[in-house]
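Visitor: Starting off with a structure, shown below.
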RNA sequence: GCCGGGAUGGCGGAAUUGGUCAGACGCAUCGGGCUUAAAACCCGAAGAGGGCUUUAAAAUCCUCGUGUGAGUUCGAGUCUCACUCCCGGUACCA
């Protein structure tokens, strides 16, 4: 018999409201506090399946914890500033505020249909003046302490949204919101100095027990690299170029210097560049390129600065200066020393502009050996260009497999000559053209065939075959037969020649790769012969540079040239200097007499009211700030406001923060890893330093949830027509069935993706019907059969444990197993049914409430304690007997049976005795309660 | 390219610290029951392959099986190494 979910759910929700069931008393000292947080939604007015997955499943845990005696704070609010409201205003002429609040009302109704246990009394709405007043107050605090700065910097601009964007909001060179390619502009904007916290944001991750994928993504975003600042002076000038490099050990190989097009040194012609017009044109051209164009087309471009040069501080040589857009203005100093021999990008540029390549590091390969015998040798790669093949010798598996031509160099012999000689001796070919060669490669290995440790100094050569002319005379007789000579296609040789030295030579000469690793310094003055890694900092000292650390992280750009955001609480004095708006004038209200249309100018600039307000309060000549704040500022501290959302005198309550922070567990989407999650960590640290917040990490635990795919396994989208509307399923099967299905769909503690199964919800509805039928068979019995008692005890322990791990899928499975165990019974005691209702309550709160009433329970099922029962320790256990690791039988033994008893018992099993074949076991592995393995 | 995560039946997914039987739980599938019939419900089958017996079936037995290949171990989905593919992040970051 079906249960009427509509009626049950309506009644349960009314009951909870009348009992005010979910209000948390934050100052309650009798229970342990637990702060469970879910990212608050943007009020789009459309509650999709993703919202359900976010809120309904987390709600299961909130309910479970309450039943387990915790004082649970599970709040909700709305991240209500943002572009959609403004776009609606532009498109349909509605008031963004009205639009937003209407959506919030609508969404509250939709959220209620899930039956969530939110404590609405603590609601926050980011666009409400009572909230943004404190966003402004906190911004002012940051400004007063130098953490909010007004500065000029290259910034990302979205031409469609007509606003600047933070770095984090640019995905693949496109605007995160609208997908338009962004362009770079140099503008004066408001930044929050998150870079000051780069190191601490990094360090803080060490202690957090978050999953690696979250921590590593943040680490990569922060992008710490250690190196040095070196100075390249400019002859006949006061000016010099400072570069940042992580490879100061290669400075002797720096053959030119490159400036980013935006570099300040070339913004005007202070240097007296003779081709300045050409430079200006190049700067202009690159400025017009979008991010994407710059990074997609990696063909190097640039222009030499004629009439000026720089001095390499190591070699004292005069070297040319270039401007090129492969150097980024926003990283390091916006200038690099180019070492083409040891950097891929510099090498590419050098080849294109025909600049010198100077090797200063000889590679070291192989495994270091004890007491090696030094030797000079060569490796020769011979290419037949006509056929696209390369000459290889196959020595067989024992002698090193497939190799190119290798050999020793005789005393006083020229290396190239030696290479020619070896080729002739081993293959007979003599008509060769020398194309290129490598620097010395230091290679260590153990030659098993000759039983000797070698450390060789090898030089690699590339030859091209002119003709197949062979000189059979030169073929060496005693080598004959040890290997086979063959011409292999280049790709095959690349795959099959795996020996390190030969591979290295091939990569260097045929594939054109440069050596970017460490090695032995050469051609580096007094440092020659030393290990590059070891000599690195001595070289920095030698050239008068200093150690420097650089981060990829940029300061957080928070200005937005948009209307529907928090007004930046700043005014400018007649000299144009920014001042914060005093606290008594907060909230600094968003004006309403504005033109929303994006013009590139901030919409607030069109407000007369705002200008008049500033004049009235601050005086003639004072002007307002017209930009608004990035909405990520609003969400960087909302979890603090929940603790005291109605406070008119402070942003939060110090005592409550002390008690409730950090958030115990934060559930959200993976897409916020380098945005909201990083920003709010920064905010918390900054406020901690200002003694406003008692913790310096906001979230003890963080879980990124997965995403729900369409039934076809594809990402849901209107164009694919695979969008699941949760309301439909709620109508048909009930909110409880949808909740429990979402819990069951897959593990919640990792960010996987799960296709929505059309039959899945129906099957959950059936499961709930089974529970209803069980409850209908409830009998008044005082005696509870032991087997039932055990089933209940196991289920309650398992469900609680899985909840703690955010593995609701196996938790639901445990409830299903419980049902499978209880159902066959002819009669089910009322107490058992009640306990089932209690365990079901977090998952299917409405039905559980209904059953609780039917079963004669007092009050609300959600006020019941989670059942804790002892699981009887088993005294006997079946353990498996293996012979040589193969199962041959099983014996039932006391849990603490001794090994001797176990073996004796096992030998009685015929199959075991059989398998032993009368032999005594040589070894016995006995794991009490689990396994006995007899090894013969 | 680099960093991270992953790969288990037709599908979603289970499997404490390496410890029997891999595949819990559910979906889909198939067979049966109930019914005049259908739905609902109930019972049952099921990784792949094979052998024996038999009219047939079942029980029973054997081999292989957690992306591929090697290894460690008495014992590997779980540990190590190499590789393939998929997903996510990031990318001219000096």
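Visitor: Using only the Cα atoms of segment A:844-918, construct the convex hull and provide its projected area averaged over every direction, in square nanometres to one decimal. Let's see the in-between values first.
Guide: Numbers: hull surface 35.6 nm².
Projected over every direction and averaged, the Cα hull of segment A:844-918 covers 8.9 nm².
Visitor: Sticking with this one: What distance in nm separates the simple spin-label points at residue A:160 and residue A:224, each placed 7 Å from Cα in the Cβ direction?
Guide: In this crude label model, residue A:160 to residue A:224 measures out at 3.8 nm.
Visitor: At 0.36 nm per residue, minus the direct Cα-Cα distance, what do residue A:17 and residue A:152 gain on full extension? Give it in nm, one decimal, please.
Guide: Working: separation 135, 0.36 × 135 = 48.60 nm, distance 5.31 nm.
Extra length available between residue A:17 and residue A:152 comes to 43.3 nm.
Visitor: Quick one, can you get me the convex hull of the C-alpha atoms of segment A:383-492 expressed as volume per residue in Å³? All intermediate terms of the calculation are to be shown ahead of the outcome.
Guide: On the way: hull volume 13.5 nm³, N = 110.
Dividing the Cα hull volume of segment A:383-492 by its residue count gives 122 Å³.
Visitor: Sort A:540-548, A:253-261 by the packing proxy (mean of other Cβ within 10 Å over each peptide's residues), most packed first.
Guide: A:253-261, A:540-548
Visitor: Scale the Cα Rg of segment A:659-785 by the rule-of-thumb value 2.2 N^0.38 Å and send over the ratio, two decimals. Kindly include the intermediate steps, with their values, before the conclusion.
Guide: Details: Rg = 21.2 Å, N = 127, 2.2 N^0.38 = 13.9 Å.
Its radius of gyration relative to the 2.2 N^0.38 Å reference: 1.53.
Visitor: Take segment A:1-157, compute every pairwise Cα distance, and split them into 10 Å bins from 0; I just need the percent in each bin.
Guide: 9, 28, 31, 22, 8, 2, 0, 0
Visitor: Please find the FRET efficiency linking residue A:649 to residue A:31, where r is the Cβ-Cβ separation and R0 is fixed at 25 Å, and quote it to the nearest 0.05. All intermediate terms of the calculation are to be shown ahead of the outcome.
Guide: Values: r = 27 Å, r/R0 = 1.10.
Here the calculated transfer efficiency is 0.35.
Visitor: Based only on other Cβ atoms within 10 Å, what is the fewest-to-most ordering of A:420, A:337?
Guide: Values: A:420 21, A:337 27.
Placing the least packed residue first, the sequence is A:420, A:337.
Visitor: State the three equivalent ellipsoid semi-axes of segment A:583-625, derived from the C-alpha gyration tensor as the square roots of 5 times its eigenvalues, in descending order and whole Å.
Guide: Numbers: eigenvalues 79, 29, 14 Å².
They are 20, 12, 8 Å, listed largest first.
Visitor: Helix-only estimate, please: 222 nm mean residue ellipticity of chain A, summing -39500 (n - 2.57) across DSSP H runs of length 4 or more and dividing by its residues, to the nearest 500. Write out the running numbers ahead of the final one.
Guide: Working: 28 runs with 316 residues, N = 936.
That comes out to -10500 deg cm²/dmol.
Visitor: Could you give the nm distance between label points at residue A:690 and residue A:592, where each point is 7 Å from its Cα heading toward the beta carbon?
Guide: Modelled inter-label distance: 3.0 nm.
Visitor: Something else now. Just want the ordering: A:475, A:758, A:640, A:465, from fewest to most Cβ atoms lying within 10 Å of their own Cβ. Write down the numbers at each step before the final one.
Guide: Working: A:475 14, A:758 10, A:640 27, A:465 22.
In order of increasing Cβ crowding within 10 Å: A:758, A:475, A:465, A:640.
Visitor: Could you let me know the centre-to-centre spacing of segment A:293-366 and segment A:717-774, using Cα atoms, in angstrom?
Guide: Comparing the Cα centres of segment A:293-366 and segment A:717-774, I get a distance of 58 Å.
Visitor: Further question: Stokes-Einstein at 4 °C, 1.567 mPa s, Kirkwood radius from Cα pairs: D for chain A in µm² s⁻¹?
Guide: On the way: Rh = 34.3 Å.
The diffusion coefficient I find is 38 µm²/s.
Visitor: Fewest Cβ neighbours within 10 Å first, please rank A:237, A:532 accordingly. Before the final figure, lay out the partial values.
Guide: Details: A:237 13, A:532 24.
The order, fewest Cβ neighbours first, is A:237, A:532.
Visitor: If you take every DSSP beta bridge whose two residues both sit in chain A, what share of them, in percent to the nearest 5, is antiparallel?
Guide: Details: 94 of 135 bridges.
So the antiparallel bridges in chain A amount to around 70 percent.
Visitor: Mean separation of Cα pairs under 8 Å and 6+ residues apart, divided by the residue count of segment A:523-631: what relative contact order is that in percent?
Guide: Normalised by residue count, the contact order of segment A:523-631 is 32 percent.
Visitor: If you average the sequence gap of Cα pairs under 8 Å that are 6 or more apart and divide by the length of chain A, what percent do you get for the contact order? Could you put the intermediate results ahead of the total?
Guide: Details: 1771 pairs, mean separation 126.3, N = 936.
Normalised by residue count, the contact order of chain A is 13 percent.
Visitor: To continue, here is another question. Give me the percent of Cα-Cα pairs in segment A:749-804 that sit more than 19 Å apart, rounded to a whole number.
Guide: On the way: 913 of 1540 pairs.
Value for segment A:749-804: 59 percent of Cα pairs lie more than 19 Å apart.
Visitor: Ranked from highest to lowest mean number of other Cβ atoms within 10 Å per residue, what is the order of the peptides A:61-67, A:346-352?
Guide: Averaged packing, sorted descending, gives the order A:61-67, A:346-352.
Visitor: So how much slack lies between residue A:178 and residue A:413, counting 0.36 nm per residue of separation and subtracting their Cα-Cα distance, in nm? Kindly include the intermediate steps, with their values, before the conclusion.
Guide: Details: separation 235, 0.36 × 235 = 84.60 nm, distance 6.70 nm.
Between residue A:178 and residue A:413, full extension yields an extra 77.9 nm.
Visitor: Whole angstrom only: what separates the Cα centroid of segment A:206-275 from the Cα centroid of segment A:628-678?
Guide: About 36 Å separates the Cα centre of segment A:206-275 from the one of segment A:628-678.
Visitor: Can you compute log10 of I(q)/I(0) for segment A:80-152 with the Debye formula, treating each Cα as one identical point scatterer, at q = 0.15, 0.18, 0.25 Å⁻¹?
Guide: The calculated log intensity ratios at q = 0.15, 0.18, 0.25 Å⁻¹ are -0.73, -0.89, -1.09.
Visitor: Once fully extended, how much extra length lies between residue A:727 and residue A:925, figured as 0.36 nm per residue of separation less the alpha-carbon to alpha-carbon distance? Intermediate results must be reported in sequence, preceding the final value.
Guide: Values: separation 198, 0.36 × 198 = 71.28 nm, distance 5.77 nm.
Once the chain is fully extended between residue A:727 and residue A:925, it gains 65.5 nm.
Visitor: How large are Rg and Dmax for segment A:160-254 when only the alpha carbon atoms are used, in Å?
Guide: 18.8, 57
Visitor: Follow-up. Just report the Cα centroid separation between segment A:880-936 and segment A:171-185, whole Å.
Guide: Here the answer is 68 Å between Cα centres.
Visitor: Could you tell me the relative contact order of segment A:1-123? Use alpha-carbon pairs under 8 Å, at least six residues apart, and round to a whole percent.
Guide: Rounded, it is 35 percent for segment A:1-123.
Visitor: Sticking with the crude label model, points 7 Å out along Cα→Cβ, report the distance from residue A:801 to residue A:203 in nm, one decimal please.
Guide: So the two model labels end up 3.9 nm from each other.
Visitor: Which order do peptides A:229-235, A:895-901 fall in by mean Cβ count within 10 Å, highest first?
Guide: Details: A:229-235: 17.4, A:895-901: 12.9.
Answer by packing, highest mean first, reads A:229-235, A:895-901.
Bear in mind these aren't lab numbers, they're just calculated from the coordinates by the rules spelled out. Values in this document were obtained by computation on a predicted structure and should not be read as measured data. We place every Cβ from the backbone using ideal geometry, glycine too, and count neighbours over all the protein chains shown.
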